[in-house]
């Protein structure tokens with residue numbers, strides 16, 4: 001009896017073991033490999049779009065007859081059985097009803113007309129949109145080895161398009177291998193994304209996995225961890241073979257921080273005496289429909305007393321207000337915990353009651369906080385200005401109405417805007433200066449956060465016009481248009497320790513006449529459409545020189561470097577067919593542009609440099625710049641003095657064309673060669689300074705120094721572009737054109753006894769500064 005029972009137990013255990021083996025073989029034999037449609041190696045005709053994409057964030061569209069996408073060097077095994085294709089198709093002439101055949105996708109290898117291994121029939125999915133996706137399975141013939149994989153689109157007669165496509169997912173059934181599910185995640189949630197092998201996908205044991213941590217705006221990558229929080233790697237890109245021990249990896253991100261930096265501009269000196277808007281004498285209240293009278297009364301009182309601080313106190317509800325007029329020697333303090341909010345949009349006539357008033361003309365509005373020809377002014381405090389812009393944006397999109405900006409200071413001196421947050425501006429958030437006015441100076445914008453949705457029209461964070469001397473420090477901008485736009489007659493602009501999110505990046509232009517000496521240092525860009533964008537047109541420019549960009553990281557920026565004299569759009573004609581025009585006083589003259597110590601990850605293309613045949617972009621240096629682009633290299637047309645040095649490189653996928661696509665772009669005139677980089681592969685050809693740089697020692701001397709008489713002479717070993725003399729407080733005392741001479745005598749008759757700083761800009765883009773003593 002005991003032996004019989006043991007035999008039964010052994011048979012039972014054997015049956016369970018066999019059952020488990022059978023379940024393991026069935027449950028762990030199928031794997032999938034998803035190819036995101038937009039991540040093709042190369043293509044013909046299709047476009048990358050964002051139409052309710054299921055995964056990867058994008059899809060492809062415009063899939064006309066004979067158009068195709070290619071995935072290079074795709075590995076097949078004998079166990080590959082089918083492709084599951086996510087497709088969406090709207091009714092068209094040839095497929096007028098849902099369910100009708102819209103077209104086919106031919107799956108071919110080795111060439112567009114190569115071996116056909118499968119065909120997918122794509123049916124119409126909606127009468128109203130191209131975003132109702134379905135999954136179509138297409139069996140493929142047994143294929144082994146590595147092949148270029150093509151998906152070729154064939155609409156039925158009467159249709160323009162087959163559909164939109166989100167992914168092509170290969171299904172593999174191999175009963176002989178162990179299969180594991182990859183789990184990837186980010187921590188904290190929503191601080192970044194992961195590029196590469198998809199979480200939730202099953203992989204066979206030994207499959208090589210590559211994932212890259214992609215930080216979101218305001219965050220930086222820290223490390224990879226396993227499921228138990230143990231360190232895996234501190235490299236952003238993680239590669240490993242799939243096993244049972246490493247199925248989970250978590251990308252850890254931390255908030256991005258920058259060190260505090262002091263301004264180089266003269267700051268306002270404003271009395272600390274407070275004028276609180278809620279005091280009875282002013283009558284401010286969160287219950288008021290409009291606090292403009294109260295705030296303006298407090299500003300007038302502070303100004304009349306010789307200066308003071310007008311306080312918007314912390315409150316649970318916002319202080320609504322119409323236009324506010326600043327006065328000299330006043331600090332408008334929006335306290336931490338306070339919100340100063342624009343009155344809501346009305347109908348263009350300042351009605352109904354409680355809506356933002358127009359300026360006396362229908363659909364025109366005064367800036368919310370405005371000052372003109374003032375000195376010693378500030379907006380500070382740690383609080384928030386709420387623009388309540390949504391209704392304004394809707395009205396603008398419908399009818400093109402005018403909209404108020406948040407802050408504008410025209411021709412003012414010693415200006416500070418610090419430690420405030422601006423949300424949802426109807427139009428531009430901050431404007432320093434105004435076209436055609438007197439010039440402002442000694443401006444500081446520090447610790448300011450500006451936020452607006454990416455879709456909010458014309459919501460620039462900061463515009464600069466007619467301004468000499470502005471420091472933008474430790475700011476965070478993420479908006480619907482230019483993060484920064486520096487326009488005509490603006491000089492000596494410094495941007496440092498700033499983070500830029502959505503928006504069009506840091507721009508020069510499009511009105512660029514006399515814009516020079518712009519310096520951007522130690523900043524980050526994440527998700528901007530452009531990084532550095534220098535844009536002008538033949539009737540908007542003249543005398544643009546000396547732009548220096550250094551120590552920058554860019555993530556997910558579509559076009560990291562853009563310099564154009566063809567705003568708003570470059571010509572589609574071949575550059576060789578463009579005819580040189582006549583150079584005038586408004587012809588853009590982009591000159592002396594340096595990009596140094598910059599890393600670009602996951603950009604769509606490497607950049608666009610497009611000068612004029614009659615006025616090429618001149619002296620552009622990429623120094624230790626690493627560009628990793630996903631689709632296309634750099635276009636460089638009509639560029640003189642283009643140099644890549646110090647291991648600068650451009651990396652693009654195989655099959656995406658040359659790293660640099662150029663016409664009339666060269667390092668040395670007449671050479672037709674771009675130094676320092678292989679223009680086909682993008683690999684650096686030297687990791688040393690270029691010959692041109694070595695030959696410029698840029699030494700200069702003053703004599704006499706100290707200056708006892710009325711003048712002194714500057715001598716250099718390169719042509720002088722400009723000479724600027726400042727006092728030790730940073731105020732410009734004198735500016736002269738260098739006329740590209742190597743020696744200049746400067747008249748300092750009338751200068752007070754003391755120390756001065758002399759800044760010399762050379763014609764090769766180098767800048768030197770030295771101390772001068774006047775006795």
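Given (1) out of contact with any helix residue (DSSP H, G or I) (no Cβ under 6 Å at 6 or more places or on another chain); (2) closer than 22 Å to residue 68 by Cα; (3) buried (at least 16 other Cβ atoms within 10 Å of the Cβ), identify the lone condition not met by residue 114.
Every condition holds for residue 114 apart from (3).
Just the residues that are within 20 Å of the chain's Cα centre (by Cα) and part of a loop (DSSP other than H, G, I, E, B), please, taken from the range 609-655.
Result: 652, single match.
Could you pull out every one of the strands (runs of 3 or more DSSP E) wholly within the range 461-569 that has 2 or more residues that are closer than 24 Å to residue 259 by Cβ and in contact (Cβ under 8 Å) with a residue 40 or more places away in the chain?
Values: elements: 462-464, 467-473, 476-478, 484-486, 491-496, 506-508, 516-526, 530-535, 545-555, 559-564.
Of the strands (runs of 3 or more DSSP E) lying wholly inside the range 461-569, those with at least 2 residues that are closer than 24 Å to residue 259 by Cβ and in contact (Cβ under 8 Å) with a residue 40 or more places away in the chain span 467-473, 476-478, 491-496, 516-526, 530-535, 545-555.
Here's the yes/no breakdown for (1) in a strand (DSSP E or B); (2) at pLDDT 80 or above:
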position: 698; (1), (2): no, no
position: 702; (1), (2): yes, no
position: 715; (1), (2): yes, no
position: 750; (1), (2): no, yes
position: 771; (1), (2): yes, no
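Every residue in the range 658-674 that is surrounded by fewer than 19 Cβ atoms within 10 Å (Cβ to Cβ) and more than 24 Å from the chain's Cα centre (by Cα), please.
663, 664, 668, 669, 670, 671, 672, 673
Please determine whether any residue of the range 188-198 is part of a strand (DSSP E or B), under 32 Å from the mean Cα position of the chain (by Cα) and within 30 Å of residue 473 (Cα to Cα). Don't jump to the end; show me each part of the working.
Within the range 188-198, the first condition is being part of a strand (DSSP E or B), and the residues that meet it are 192-196.
So of that shortlist, the ones also under 32 Å from the mean Cα position of the chain (by Cα) come out as 192-196.
Now drop any that are not within 30 Å of residue 473 (Cα to Cα), which leaves 192-193.
For the range 188-198, residues part of a strand (DSSP E or B), under 32 Å from the mean Cα position of the chain (by Cα) and within 30 Å of residue 473 (Cα to Cα): present.
Is there a residue being touching a helix residue (DSSP H, G or I) at 6+ places or on another chain (Cβ under 7 Å) and either surrounded by fewer than 19 Cβ atoms within 10 Å (Cβ to Cβ) or assigned by TED's automatic domain parsing to the domain that holds residue 384 (or both) anywhere in the range 310-320? If you could, list the steps in order and put the result at the bottom.
So the first thing to find is which residues in the range 310-320 are touching a helix residue (DSSP H, G or I) at 6+ places or on another chain (Cβ under 7 Å), and the list is 310.
So of that shortlist, the ones also either surrounded by fewer than 19 Cβ atoms within 10 Å (Cβ to Cβ) or assigned by TED's automatic domain parsing to the domain that holds residue 384 (or both) come out as 310.
Looking for residues that are touching a helix residue (DSSP H, G or I) at 6+ places or on another chain (Cβ under 7 Å) and either surrounded by fewer than 19 Cβ atoms within 10 Å (Cβ to Cβ) or assigned by TED's automatic domain parsing to the domain that holds residue 384 (or both), one finds at least one in the range 310-320, hence yes.
Mind checking which residues of the range 286-300 are in a loop (DSSP other than H, G, I, E, B) and in contact with a strand residue (DSSP E or B) (Cβ under 8 Å, 6 or more places away or on another chain)? Show your work before the answer.
First pass over the range 286-300, keeping only residues in a loop (DSSP other than H, G, I, E, B): 286-291.
The answer is 286, 288, 289, 290, 291.
Anything in the range 324-339 that is closer than 21 Å to residue 409 by Cα, in contact with a strand residue (DSSP E or B) (Cβ under 7 Å, 6 or more places away or on another chain) and either outside the structural domain of residue 422 (by TED's automatic domain parsing) or assigned to a loop (DSSP other than H, G, I, E, B) (or both)? List them, or say none.
326, 328, 329
Of the residues that sit in the range 221-247 and are surrounded by 16 or more Cβ atoms within 10 Å (Cβ to Cβ) and over 31 Å from the mean Cα position of the chain (by Cα), which one is farthest from residue 415 (Cα to Cα)?
Looking at the filtered set, the residue picked out is 242.
Condition check: in contact with a strand residue (DSSP E or B) (Cβ under 7 Å, 6 or more places away or on another chain) and surrounded by fewer than 19 Cβ atoms within 10 Å (Cβ to Cβ). Does residue 206 satisfy that?
yes
If I filter the range 341-354 for residues that are part of a strand (DSSP E or B) and assigned by TED's automatic domain parsing to the domain that holds residue 290, do I get at least one hit?
Let us first name the residues in the range 341-354 that are part of a strand (DSSP E or B), namely 341-342.
Subset that is assigned by TED's automatic domain parsing to the domain that holds residue 290: 341-342.
Yes, the conditions are met somewhere in the range 341-354.
Which residue, of 197, 173, is farther than 30 Å from residue 91 by Cα and surrounded by fewer than 16 Cβ atoms within 10 Å (Cβ to Cβ)?
Working: 197 fails: surrounded by fewer than 16 Cβ atoms within 10 Å (Cβ to Cβ).
The conditions single out 173.
Among the candidates 508, 563, which residue alone is closer than 22 Å to residue 415 by Cα and surrounded by 22 or more Cβ atoms within 10 Å (Cβ to Cβ)?
Only one candidate qualifies: 508.
Being more than 38 Å from the chain's Cα centre (by Cα), closer than 30 Å to residue 441 by Cβ and loosely packed, with under 15 Cβ neighbours inside 10 Å is the filter here, so list the residues in the range 248-301 that pass it.
272, 273 - these are the residues of the range 248-301 that are more than 38 Å from the chain's Cα centre (by Cα), closer than 30 Å to residue 441 by Cβ and loosely packed, with under 15 Cβ neighbours inside 10 Å.
Provide a single number: the residues in the range 381-416 that are over 19 Å from residue 342 (Cβ atoms) and touching a strand residue (DSSP E or B) at 6+ places or on another chain (Cβ under 6 Å).
Count: 7.
Residue by residue, here is whether (1) touching a residue at least 60 places away in the same chain (Cβ under 8 Å); (2) touching a helix residue (DSSP H, G or I) at 6+ places or on another chain (Cβ under 6 Å); (3) outside any loop (DSSP other than H, G, I, E, B) holds:
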site	(1), (2), (3)
130	yes, no, no
136	no, no, yes
148	yes, no, yes
158	yes, no, no
168	yes, no, yes
221	no, no, yes
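The values are calculated or read from the model by the stated rules, or taken from the named source; none is laboratory data. Note that the coordinates shown come from a computational prediction; the quantities given were computed from them, not determined experimentally. Counting neighbours? That spans all protein chains shown, and the Cβs are built from the backbone with ideal geometry, glycine included.
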